[in-house]
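Visitor: Dropping the structure in here first, questions after.
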Amino acid sequence: MPPSALPDRASSWRLRSTTLDLSGLPLLMGIVNVTPDSFSDGGRFEETDSAVEHALELAAAGAAILDIGGESTRPYAEVVDAGEELDRVLPVVERLARETSVPLSIDTSKAAVAEAAVAAGAEIINDVTGLEGDSRMLEVARATGAGVCAMHMRGTPQTMQDDPRYDDVVTEILDYLRQRRDSLLDAGIEQERVCLDPGIGFGKTHQHNLRLMAAAEQFHQLGCPLLVGHSRKGFLAHILGDKEADRTAATVGSALALARQGIQVIRVHDVRPVREAVLAFAACGGLGDPSSQLTR
């Protein structure tokens with residue numbers, strides 16, 4: 001089913017000072033990990049200069065959003081306090097706010113970090129706890145007017161991969177995200193500011209992840225933009241049968257499956273190959289509209 005034909009597919013996402021047009025091909029959210037221990041690129045961009053340089057390269061490659069995080073959320077990652085997280089991300093947000101017009105997202109579950117980052121120029125609060133991990137986060141989101149992305153995660157990064165089980169993973173996560181959407185609306189956050197993420201790799205087995213990827217279009221019924229972050233994750237290595245395999249091509253291939261299902265925002269490390277693949281896929285009729293162009 002081409003994206004234009006998907007029911008209840010949100011066509012825009014309102015951020016703090018701009019609105020993203022989601023009516024075309026997926027927007028790519030470029031990952032900027034300012035951490036020493038992220039699962040895929042930990043330590044490569046932990047210094048401010050290297051993180052900013054990397055972010056600008058992602059923007060030049062076609063990233064429509066830059067997602068900046070200062071705490072790893074890989075399985076069993078160490079917890080970082082708010083002060084250290086701010087020391088990592090705030091200089092990056094401040095510089096990027098001056099050096100690029102691409103909207104900035106702060107990947108955090110701490111209200112103090114989100115508040116400071118939005119004040120420094122971030123437009124989006126991207127919270128892996130669904131805005132439940134910090135009791136102040138809902139108020140910060142409401143007061144700042146930032147766009148928000150609420151993700152599903154079972155447990156915490158320290159516990160999420162300890163034997164995750166579901167009776168029906170798609171139905172249960174749909175129900176959770178519906179509840180989080182309603183809680184955000186009840187807190188005074190307008191629906192057009194809300195994005196939802198099923199949380200690939202966060203408290204799921206490889207089979208759970210594959211089921212969610214294959215059923216991603218079902219989440220359009222929630223009436224909010226959808227974000228999926230599958231880039232370089234372990235289930236792709238499982239598909240390939242090689243834990244040490246380069247996962248770039250697998251990331252690209254699965255991004256096309258998400259594009260086919262009308263997912264509006266795809267969060268990736270490797271922006272250029274995903275962008276070029278989606279453009280070619282669309283031009284060859286893979287999305288049902290050969291005239292489409294990827295919105296930047």
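The values are calculated or read from the model by the stated rules, or taken from the named source; none is laboratory data. Remember, predicted model here, so these are calculated numbers, not experimental data. So basically every Cβ, Gly included, is an ideal-geometry build from the backbone, and we count neighbours across all protein chains shown. The area values use the complete protein model at the heavy-atom level, side chains included, leaving out ligands, DNA and RNA. Shrake-Rupley method; radii C 1.70, N 1.55, O 1.52, S 1.80 Å.
Visitor: Work out, step by step, the length gained on full extension between Ser183 and Arg165: first 0.36 nm times the residue separation, then minus their alpha carbon distance; give nm to one decimal. Spell out each step's value before the answer.
Guide: Numbers: separation 18, 0.36 × 18 = 6.48 nm, distance 2.45 nm.
Using 0.36 nm per residue and subtracting the Cα-Cα distance, I get 4.0 nm.
Visitor: Let me ask you something else. Roughly how many Å is it from the Cα centre of segment 179-222 to that of segment 55-122, as a whole number?
Guide: Centre-to-centre (Cα) distance: 21 Å.
Visitor: On to the next question. I need the trypsin sites (Lys or Arg not before Pro) found in segment 163-264, filtered to DSSP loop residues with at most 12 other beta carbons within 10 Å of theirs.
Guide: Listed in order of number, the matching sites are Arg165, Lys243.
Visitor: Note down the relative contact order for the chain as a percent, whole number, built from C-alpha pairs under 8 angstrom at least six residues apart.
Guide: Numbers: 617 pairs, mean separation 68.6, N = 296.
Dividing the mean separation by the residue count of the chain yields 23 percent.
Visitor: Ignoring the sites themselves, what is the longest stretch of the chain with no GluC sites (Glu not before Pro) in a DSSP loop and at most 15 other beta-carbon atoms within 10 Å? The partial results should precede the final answer.
Guide: On the way: sites that count: Glu47, Glu78, Glu132, Glu190, Glu244.
It works out to 133-189.
Visitor: Taking the Cβ of Asn126 as the centre, find all other residues whose Cβ is under 9 Å away and add up their charges (Lys, Arg: +1; Asp, Glu: -1).
Guide: On the way: positive: Arg267; negative: Asp67, Asp107, Asp127, Asp197.
After counting each charged neighbour, the total is -3.
Visitor: Right, next: Along the Cα-to-C-beta direction of Ala283, a point sits 7 Å from the Cα; which residues of segment 11-25 have their amide N less than 20 Å from that point?
Guide: 24-25
Visitor: On to the next question. Pull up the DSSP beta bridges for the chain and report the antiparallel fraction as a percent, rounded to 5.
Guide: Percent antiparallel among DSSP bridges in the chain is about 10.
Visitor: Can I ask one more? Considering only protein heavy atoms and a 1.4 Å probe, what is the carbon-and-sulfur percentage of the accessible area of the chain? Show your work: numbers first, answer last.
Guide: On the way: 5540 of 11750 Å².
Accessible surface attributable to carbon and sulfur in the chain totals 47 percent.
Visitor: Here are several values of log10 I(q)/I(0) by the Debye sum over Cα atoms at q = 0.11 Å⁻¹: [x] -0.58; [y] -0.65; [z] -0.77. Which one was derived from the coordinates shown?
Guide: Matching entry in [x] -0.58; [y] -0.65; [z] -0.77: [x].
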